Amino acid sequence: MHITHGHQRTVVRLGAIALTTGLALTAAGCKHENDAATDDAKVESEPSATQDPPSAVRDYPDFAPQDYTYRLEVLCYCPQVGAVRVTVKDGKVTEAISTFGEAKGQAAPEFARLSINDIIARANDPQVDEAEVTWPTGQDHPSVVALDQLRMATDDEVTYTIKDVAVSGE
């Protein structure tokens, strides 16, 4: 097959245009790590209806029972251990056992050895920039506590999910 010189230029030009368009579209769809941080900062600076303004004084009440068990899940930039069964006696954690995966049955790491009051205290801590607490009406403890410990920082957010609370003696 014989291609004339003029036709070859057209093919090269069309190829260059297609390549340039493809690169431009690809670049437009790309996000860099710094772009994501900027986007996150915009979202974090706008408190939602369930989120305390950064300057707010938080005063969530303590969980009254001193003897109970519950299931805790911690989501953070830390080793993921799944659900942990926490036992609290006299207000202190006496046992925290992983209930998931390869670590099932083993002692949970220190960051998951928390009473419900430990988590509430973290939500009330004035050093924490933002706390979003889900506290169902009529319930005596929160179900989710999401903390952004340092505004404009990455990898410092932590979310605690509290489930299956069983108070001893009830």
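The values are calculated or read from the model by the stated rules, or taken from the named source; none is laboratory data. None of these values were measured; they are calculated from a predicted model. So basically every Cβ, Gly included, is an ideal-geometry build from the backbone, and we count neighbours across all protein chains shown.
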Give the residues of region 104-132 that are surrounded by 13 or more Cβ atoms within 10 Å (Cβ to Cβ) and among the basic types (Lys, Arg), sorted by residue number. Arg113, Arg122
Which condition breaks for Gly82 when tested against (1) surrounded by 14 or more Cβ atoms within 10 Å (Cβ to Cβ); (2) over 19 Å from the mean Cα position of the chain (by Cα); (3) not aromatic (Phe, Trp, Tyr)? (2)
Index of the failed condition, Gly101 passing every other in (1) modelled with pLDDT under 95; (2) loosely packed, with under 14 Cβ neighbours inside 10 Å; (3) under 24 Å from Val167 (Cβ atoms): (3)
Filtering region 133-160 down to residues that are in a strand (DSSP E or B) and surrounded by fewer than 17 Cβ atoms within 10 Å (Cβ to Cβ), which residue is modelled with the highest pLDDT? Thr134
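Filtering region 44-70 down to residues that are touching a helix residue (DSSP H, G or I) at 6+ places or on another chain (Cβ under 7 Å) and surrounded by 12 or more Cβ atoms within 10 Å (Cβ to Cβ), which residue is modelled with the lowest pLDDT?
Here is the first cut: in region 44-70, the residues touching a helix residue (DSSP H, G or I) at 6+ places or on another chain (Cβ under 7 Å) are 58-60, 62-63, 70.
The next check asks that each one be surrounded by 12 or more Cβ atoms within 10 Å (Cβ to Cβ); those that pass are 58, 60, 62-63, 70.
Numbers: Arg58: 89, Tyr60: 95, Asp62: 96, Phe63: 97, Tyr70: 98.
Applying the filter and picking the extreme gives Arg58.
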